[in-house]
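Presented below is the structure to which this report refers.
The values are calculated or read from the model by the stated rules, or taken from the named source; none is laboratory data. None of the values given here were measured: they were computed from a predicted structure. Positions of Cβ are backbone-derived with ideal geometry, glycine not excepted, and every protein chain shown enters the neighbour counts. Please note that ligands, DNA and RNA were not included when accessible areas were found on the heavy atoms of the full protein model with its side chains. Shrake-Rupley method; radii C 1.70, N 1.55, O 1.52, S 1.80 Å.
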Amino acid sequence: MVGDNTNLRSPLLPDRMQQGDFFVCDIFDAAPKGDMASMEHPIFSIATKPDRHVRRYENGSNFVEVIPSVKGLATVHDRDVLIYCISQCIAALNEDREVSPTIRFRAYDLLSATNRGTDGRGYEQLKAALERLKGTTITTNIITGGKEEFDGFGLIDRFKIVRETRDGRMQEVEIRLSEWVFNAIRSREVLTLHRDYFRLRKPLERRIYELARKHCGAQKEWRISLGKLQAKCGSSSTEKEFRRLVSNIAKQDEQFEHMPDYAVRIEKDVIIFTNRRMEDVKSHSACFLTIRLDLDTYQEARRAAPGWDVYYLEQTWRSWMLDGGLDAPKNPDKAFIGFCTKWFERRGSP
């Protein structure tokens, strides 16, 4: 039982990050970004103890299997490392910088940016997170051209602690992202996350925020049944216990409005997420409506994506930026041509 005094405690962690923006490598500011691929299935564990269960998700003849190492599956909190790296790469791409799947950063910067403690325990937790990320394996069958391919990969290919202080605290870390994660970055299949994501205490809160961010997006509302939500969260709790956990989050959100971007409430067996920032979304939409492309850009777009309707591609491009919470590009013409080029590379002729 939780005492009455405990009810006054905010569900959010203290804000340990002093600067106002998500800061990466002392070079540029970057909004937190999460890849949509790992939001699709509950790849990251929400358990508070080591989770060594193999997970399998099927869709027709296709499947995705997530296999833990002896140290357990990578957790939702371990995902912070990937969010940090993805954010750095996307910020670099937005400034026309070269990106690489190998990323080096100061451990202190990651701990600060993701609102973690920077004491010895914080460094120990980071090292454990790297081990779980490296150890978690994803296997899937990919059907192309009538042939079935079996592919296996990790969330990160490797990690290396470049320098370590005398008291055992790591200073610099080098990570090589898996091709799966890096492909999502190059394709810009990412969504901007609210900075308060890193202040959410409970793994389940983080997971349901990710789902709301992906499925509700800029819409006014998103509804999902309790059973489907439990499956998407990868929760091994009983239905009764899961209902209790979600109900507590909804009650706390009603009291503190602590869930970022989306209010949460439960009605019988349905969870309802309501967009808190509809006015901001409208303003953001108006910003994209003001973007005007040069006439020559449409000709270049036709050369970049031969056979495709450039006006359809333009509408898709604008919707993609809006739904992803992206800022208006500094050079819209160049950004649109780049979008068309990648569109054709991935899909070919219509």
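Of the peptides 92-101, 184-193, 267-276, the order by per-residue mean of other Cβ atoms within 10 Å, starting with the highest, comes out as 184-193, 267-276, 92-101. Angle of helix 295-304 to the longest C-alpha principal axis of the chain, folded into 0 to 90 degrees and rounded to 10: 80°. Taken along the Cα-to-beta-carbon direction at a fixed 7 Å, the label points for ASN62 and GLN219 span 2.0 nm. Within the range 44-146, the percentage of alpha carbon pairs spaced more than 17 angstrom apart rounds to 62%. Estimated at the nearest 10 Å², the accessible area of ASP309 is 90 Å² with a 1.4 Å probe. With only the Cα atoms considered, the range 149-232 has a convex hull volume of 188 Å³ per residue.
A straight chain from TYR311 to LYS334 at 0.36 nm per residue would run longer than the Cα-Cα distance by 6.7 nm.
Could you provide, to the nearest whole Å², the per residue accessible area of the chain with probe 1.4 Å?
Values: 18290 Å² over 350 residues.
Accessible area per residue: 52 Å².
The accessible surface of the range 32-152, taken with every protein chain in place and a 1.4 Å probe, is 48 percent carbon and sulfur.
Any idea what angle helix 239-256 forms with the longest principal axis of the chain, computed on alpha-carbon atoms, 0 to 90 degrees, nearest 10? Approximately 80 degrees, to the nearest ten. With a/c under 1.5 counting as rounded, go ahead and sort the range 100-255 into rounded, prolate or oblate using the C-alpha gyration tensor (a ≥ b ≥ c being the square roots of the eigenvalues; past the cut-off, prolate if a/b is larger than b/c, else oblate). Because a/c hits 1.5 or more and a/b fails to exceed b/c, the range 100-255 counts as oblate.
For the range 165-198, state which chymotrypsin sites (Phe, Trp or Tyr not before Pro) are in a DSSP loop and have at most 10 other beta carbons lying within 10 Å of their beta carbon.
Numbers: sites: TRP180, PHE182, TYR197, PHE198; in loops: none.
Loop-located and lightly packed - none at all.
Angle of helix 310-323 to the longest C-alpha principal axis of the chain, folded into 0 to 90 degrees and rounded to 10: 20°. Relative contact order for the chain: 17 percent, from Cα pairs under 8 Å spaced at least 6 residues apart, divided by residue count.
Highest average first, the peptides 312-321, 156-165 ordered by how many other beta carbon atoms sit within 10 Å of their residues are 312-321, 156-165. Per-residue ellipticity at 222 nm computed for the chain from its helices equals -12500 deg cm²/dmol, with DSSP H segments shorter than 4 residues left out and the rest contributing -39,500 (n - 2.57).
Across every pair of non-identical alpha carbons in the chain, the mean reciprocal distance, once inverted, gives a Kirkwood radius of 21.8 Å. Each part reduced to its alpha carbon centroid, the range 90-108 and the range 237-275 end up 36 Å apart.
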